Amino acid sequence: MARMRAVVLGDDRRVRLEEVPVPEPSSGEVLLRPHFSGICGTDLHAPSLTDHFRSRVIMGHEFSGEVVAIGGQVVGWEPGTRVVVNPNGNVCGSCGACRESRFNLCHPAVFEHGIGIHRPGGMAELVAVDPRVLHRLPDAVSSEQGAFVEPLATAVRAVRRSRFRLGSSAAVIGTGPIGLLVVQALRRAGAGTVVAIEPSAIRRRAATSFGADIAIDPVEANSRGVFGTDIESPAFVYECAGVPGTLELAVDIVRFGGRVILLGIPSQPVNLTAFTVIGKEIDIVGSIIYLDEFPLTIDLLARKAFDVDSLISLVLPIARFEEAFDALADPVSTLKVLLHPGQS
């Protein structure tokens, strides 16, 4: 049986490079050769996210690729076509969320059939997928940019779901790749003042280069009480970090009647003082993945509405995935890392 290399989350919850069988697509599947796969913050925490990432899964849910072969029942796809994968596109079509066209809330799609989380993903030499998850990449979007469609769609969805109002002030807590994309989305949505809150100096500098007016350390935000004095309390706060204390910080700094949007996924329970939410009549809004934002994002990239190329710090082969994961976990020097299945 032919074998290939893949980045696998093992039964022992450790991520490693393994030799695994080459997938054989069914009659209703498409075989892809991944081009580039982005490493997401959730990938770094996959070993501890036992309720989310399935053991023995091939990782990689942010990836572009090329059609290699198609099953006998597949129509509309040809070998050589460049594509990007919607990892949550395997919707059931029959649950309550699907019946209401809220496909991003389809439980089987998001929590049972997610590509790179529950089913084989893009950190491999080949992967077989249902054609429903495929979107064509236009010539104006490179394969490297295609690996950003998934996280950018998440950021665009969050700004749209927040019902952001033109000219409003905003703060973004956590300016990793998602937070930096949210900063860009806010600028394109006509934001007034945008404040980035981030402990990493390189990410604070990146935030200002991508459109934030001010970038401050969270210690400064907490200790000096700068919001409401030196800086206007933001009407919208986007929590993109998902680490202890950031939800509390978001609720503390948002203006009265403001809105807090949650994107960051914490690996442990968080504490929140309900009276602060009640006393300021704050809206807390959750935002998960995307709906029509996925194809919209492809169009936005084709029209050069977002800069994702400047986010790329490293591009490495999957054989060096450990180096890639370590680099992304070090916010001192790295923004985004892409993996490819090549030798070097």
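Measuring how big the stretch 139-244 is from its alpha-carbon positions, Rg and Dmax come out at 13.8, 49 Å. The value of relative contact order for the stretch 1-148, using C-alpha pairs under 8 Å at least six residues apart, is 31 percent. Specify the angular offset, from 0 to 90 degrees and rounded to the nearest 10, of the alpha carbon long axis of helix 149-161 from the longest principal axis of the alpha carbons in the chain. Its long axis makes an angle of about 40 degrees. Protection proxy ranking, highest mean first, for peptides 80-86, 331-337, 21-27: 80-86, 331-337, 21-27, where packing is the per-residue count of other beta-carbon atoms within 10 Å, averaged. What number comes out for accessible area per residue over the stretch 153-307 if the probe is 1.4 Å? Units Å², please. Solvent-accessible surface per residue comes out at 43 Å².
For the chain, the spread of Cα positions along the three principal axes, ordered from largest to smallest, is 66, 43, 39 Å. Surface composition of the stretch 1-135: carbon plus sulfur atoms hold 51% of the accessible area, using a 1.4 angstrom probe and ignoring ligands, DNA and RNA. For the pair the stretch 122-176 / the stretch 11-68, the C-alpha centres are spaced 18 Å from each other. What a 1.4 Å probe finds exposed on the stretch 172-313 is 54% carbon and sulfur by accessible area, rounded to a whole percent.
Based on alpha-carbon atoms, the Kirkwood radius and the radius of gyration of the stretch 43-178 give Rg/Rh equal to 0.99. Once you sort the root eigenvalues of the Cα gyration tensor of the stretch 178-228 as a ≥ b ≥ c, which label holds: rounded (a/c under 1.5), prolate (a/b larger than b/c) or oblate (the other case)? Oblate is the answer for the stretch 178-228, as a/c is 1.5 or above yet b/c matches or exceeds a/b.
Given Cα pairs under 8 Å that are at least 6 residues apart, what percent is the relative contact order of the chain?
Values: 775 pairs, mean separation 59.8, N = 344.
That works out to 17 percent.
Helix 293-302 and the longest principal axis of the Cα set of the chain meet at an angle near 90°.
The values are calculated or read from the model by the stated rules, or taken from the named source; none is laboratory data. Just so we're clear, the structure is a prediction, and the values are computed from it rather than from any experiment. So basically every Cβ, Gly included, is an ideal-geometry build from the backbone, and we count neighbours across all protein chains shown. Protein only, heavy atoms only, side chains kept; ligands, DNA and RNA dropped before computing areas. Shrake-Rupley method; radii C 1.70, N 1.55, O 1.52, S 1.80 Å.
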